[in-house]
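Enquirer: One structure is given below, represented as structure tokens, and several questions about it will come after.
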Amino acid sequence: MNDSLVKTPSWPMSLIAFGFYFSLFFDPWGPIPRYLGWLFCIIGIVGLFILRSPQLRRPVLDPAVKIIIYIMIIWSVFTTLLNFYGWYHFGKGISNPLEAVFGIWLTAFVVSKEGTGRFQKVWWASSVVIFVACILQAVNVLKFSVFSHHNTLGLYAVVTLPMSLNFAVRRYDSSLLNVFSSLTVVLNLIALFLSFSSGPWLVGGIEILLFLIIARPGKYGLFKGLLIPLLITAILGFSFALSQPTYLDLFKREISQLISFSGDFSKFTTNRTRIWEKTAYLISQKPITGWGWIRYKTLFLKSNFEAIPGVGIPVEPHNMYIQLLTYGGFPLLIIVVGLMLRGAWLAWRKFKSCKGENKYLYAAVLATILAILVYSMGGSIFAARQKIGFLFWALYGIAVALPERGKGKA
């Protein structure tokens, strides 16, 4: 364990770590608990600044990533001021990339001090609670829903799936842990299934293939981490279909949507092509600077567009690449894609250099980054800032933390 918090006890560092893990655990429940955790972190950071601690000045991010982040923020501020709509819209818009950057830095700062062991434990505990809550809600045991939209549940299941595989393919000393780790994948797959969203289903399948190709777990890990969970999930999914007839109808609807790819493309994209047509016009007006970081719905209304049949007034373009072109033109698109690819490369390097089963963590991080690049053709991690965005940027932060500091015991 490198530069452990245990070896450097101080109330600011302890508060930062507490706030970070609090935010990580409760992020799916909404922005309020995340911001509360971040408040603890900011108080701890101010404490380090007052104490003039060298830990605050010590670099934790890959230098290239740091440069890309600076360029992204500067360009985002410039384009948003260039298309000034008022301070409310400026603050609301620019806070989106700033939250992503803060999530990346905060994760790198914490794991560079204490490794990734506690991160993985908190992630596992949080995801299991969410999976169970979603399943209980689906069978009408709970009357509340963690995620108000099925696409949000689907994206959450996509972000968590490689991490669940990371836990499941390992061999633990405890038989109970071996069982629980396999059940985590089962719960994750059921949550993915219950999203009844064909996009996350496709991306989830791609994630499994990516993880297997990258990690190449042995026969034991493959059997325990994937084959048994898939079998159990299939049995439970069939049971759901028998007990809840509406689920079978939803399943048929998604299959019908998938096979419409070669026919009605508008149906395949659930009318997203109509949104993209309007957005393409906006991009053509300002292809270099874009319209600045402003809520897409607000921009749509300010552009005097009429409601789209079958959609209404869209709240987002449902495509990260188109979203970035709209907000910051081609420069912002190149910057963010470059940021993603740099993170993927660093995750690959850490995977190749890591010894022991903790290499599966970096395989999971790499698979998640690549999967989000695929998912971004039909959604956006920036648009999912309310409940999921921080979780992805936290995984990204593990990838871009300085290599000699970002490795910890599982």
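The values are calculated or read from the model by the stated rules, or taken from the named source; none is laboratory data. Just so it is clear, the structure is predicted and the values come from calculations on it, not from any experiment. Neighbour counts are summed over all protein chains in view; Cβ atoms, including those assigned to glycine, are modelled from backbone coordinates with ideal geometry. Accessible surface is based on the protein model in full, side chains and every heavy atom, while ligands, DNA and RNA are left aside. Shrake-Rupley method; radii C 1.70, N 1.55, O 1.52, S 1.80 Å.
Enquirer: Test Leu209 against the stated conditions and say whether it is under 23 Å from the mean Cα position of the chain (by Cα), in a helix (DSSP H, G or I) and either surrounded by fewer than 22 Cβ atoms within 10 Å (Cβ to Cβ) or hydroxyl-bearing (Ser, Thr, Tyr) (or both). Let's see the steps before the verdict.
Expert: On the way: under 23 Å from the mean Cα position of the chain (by Cα): yes; in a helix (DSSP H, G or I): yes; either surrounded by fewer than 22 Cβ atoms within 10 Å (Cβ to Cβ) or hydroxyl-bearing (Ser, Thr, Tyr) (or both): yes.
Yes: the conditions hold for Leu209.
Enquirer: Under 6 Å between Cβ atoms, at least 6 apart or on separate chains: pull out the pairs that start in segment 144-156 with a residue that is open to solvent by 40 Å² or more (accessible area, probe 1.4 Å) and end on any residue that is of a type outside the set (S, T, N, Q).
Expert: His150/Phe196
Enquirer: Another question, if that's okay. Might you check whether a residue that is out of contact with any Ser or Thr (no Cβ under 9 Å at 6 or more places or on another chain), open to solvent by 10 Å² or more (accessible area, probe 1.4 Å), over 19 Å from Trp393 (Cβ atoms) and in a helix (DSSP H, G or I) occurs anywhere in segment 35-45?
Expert: Narrowing segment 35-45 to residues out of contact with any Ser or Thr (no Cβ under 9 Å at 6 or more places or on another chain): 39, 42-43, 45.
Adding the requirement that they be open to solvent by 10 Å² or more (accessible area, probe 1.4 Å) leaves 39, 42-43, 45.
Going one step further and asking which of them are over 19 Å from Trp393 (Cβ atoms), we end up with 43.
Now narrow it down to the ones that are in a helix (DSSP H, G or I): 43.
Yes: segment 35-45 contains one or more residues that are out of contact with any Ser or Thr (no Cβ under 9 Å at 6 or more places or on another chain), open to solvent by 10 Å² or more (accessible area, probe 1.4 Å), over 19 Å from Trp393 (Cβ atoms) and in a helix (DSSP H, G or I).
Enquirer: Can you find a residue in segment 213-222 that is under 21 Å from the mean Cα position of the chain (by Cα) and either in a loop (DSSP other than H, G, I, E, B) or touching a residue at least 12 places away in the same chain (Cβ under 8 Å) (or both)?
Expert: yes
Enquirer: Hey, another quick one. Against the definition (crowded, with 24+ Cβ neighbours inside 10 Å and outside the structural domain of Cys354 (by the TED database)), how does Ser127 come out, yes or no? Break it down stepwise before answering.
Expert: Values: crowded, with 24+ Cβ neighbours inside 10 Å: yes; outside the structural domain of Cys354 (by the TED database): yes.
Yes.
Enquirer: Open to solvent by less than 60 Å² (accessible area, probe 1.4 Å), over 28 Å from Ile73 (Cβ atoms) and assigned by the TED database to the domain that holds Asn96, is that true of Gly292? I'd like the intermediate steps shown before the answer.
Expert: On the way: open to solvent by less than 60 Å² (accessible area, probe 1.4 Å): yes; over 28 Å from Ile73 (Cβ atoms): no; assigned by the TED database to the domain that holds Asn96: yes.
So Gly292 fails the test.
Enquirer: Every residue in segment 310-346 that is open to solvent by 10 Å² or more (accessible area, probe 1.4 Å) and not in a helix (DSSP H, G or I), please.
Expert: Gly310, Val311, Gly312, Ile313, Val315, Glu316, His318, Asn319
Enquirer: Further question on the same structure: Would you check if Val132 is over 17 Å from Ile369 (Cα atoms) and crowded, with 24+ Cβ neighbours inside 10 Å? Spell out how you get there, then give the answer.
Expert: Details: over 17 Å from Ile369 (Cα atoms): yes; crowded, with 24+ Cβ neighbours inside 10 Å: no.
Judged against the criteria, Val132 is not a match.
Enquirer: Residue check: is Ser197 without any contact (Cβ under 8 Å) to a residue 60 or more places away in the chain and crowded, with 24+ Cβ neighbours inside 10 Å?
Expert: Values: without any contact (Cβ under 8 Å) to a residue 60 or more places away in the chain: yes; crowded, with 24+ Cβ neighbours inside 10 Å: yes.
Judged against the criteria, Ser197 is a match.
Enquirer: From the list Gly329, Gly356, Gly338, Gly379, which residue is over 15 Å from the mean Cα position of the chain (by Cα), at pLDDT below 95 and not β-branched (Val, Ile, Thr)? Walk me through how you get there before you give the answer.
Expert: Values: Gly329 fails: at pLDDT below 95; Gly338 fails: at pLDDT below 95; Gly379 fails: over 15 Å from the mean Cα position of the chain (by Cα).
After applying the criteria, what remains is Gly356.
Enquirer: Do you know which residues across segment 171-189 are in contact with a Ser or Thr (Cβ under 9 Å, 6 or more places away or on another chain), under 19 Å from Leu209 (Cα atoms) and open to solvent by 10 Å² or more (accessible area, probe 1.4 Å)?
Expert: Within segment 171-189, Leu187, Leu189 meet the criteria.
Enquirer: Is it the case, given these coordinates, that Lys297 is modelled with pLDDT under 80, open to solvent by 70 Å² or more (accessible area, probe 1.4 Å) and in a helix (DSSP H, G or I)? So that I can check it myself, show each step before the final result.
Expert: Values: modelled with pLDDT under 80: no; open to solvent by 70 Å² or more (accessible area, probe 1.4 Å): yes; in a helix (DSSP H, G or I): yes.
Here the answer is no, as Lys297 does not meet what is asked.
Enquirer: Identify the residue in segment 46-61 that is open to solvent by 40 Å² or more (accessible area, probe 1.4 Å) and assigned to a loop (DSSP other than H, G, I, E, B) and, among all such residues, is nearest to Gly389 (Cα to Cα). Quick ask: steps written out before the conclusion?
Expert: Within segment 46-61, the subset open to solvent by 40 Å² or more (accessible area, probe 1.4 Å) is 46, 49-52, 54, 56-59.
Next cut, assigned to a loop (DSSP other than H, G, I, E, B) only: 51-52, 58-59.
On the way: Leu51: 32, Arg52: 31, Arg58: 26, Pro59: 24 Å.
For segment 46-61, the residue satisfying everything is Pro59.
Enquirer: In this structure, is Leu155 in contact with a helix residue (DSSP H, G or I) (Cβ under 7 Å, 6 or more places away or on another chain) and outside the structural domain of Tyr362 (by the TED database)?
Expert: Details: in contact with a helix residue (DSSP H, G or I) (Cβ under 7 Å, 6 or more places away or on another chain): yes; outside the structural domain of Tyr362 (by the TED database): yes.
Against the criterion (in contact with a helix residue (DSSP H, G or I) (Cβ under 7 Å, 6 or more places away or on another chain) and outside the structural domain of Tyr362 (by the TED database)), Leu155 qualifies.
Enquirer: Scan segment 85-105 for residues that are closer than 13 Å to Ile73 by Cβ, buried (at least 16 other Cβ atoms within 10 Å of the Cβ) and not hydrophobic (A, V, I, L, M, F, W, C) and report the count.
Expert: The qualifying residues number 4.
Enquirer: Next up: Got a sec? Which helices (runs of 4 or more DSSP H) wholly within segment 62-173 have at least 2 residues that are farther than 20 Å from Phe392 by Cα, in contact with a Pro (Cβ under 9 Å, 6 or more places away or on another chain) and not aliphatic (A, V, I, L, M)?
Expert: Values: elements: 63-82, 87-114, 117-138, 150-168.
Passing ranges, in order: 63-82.
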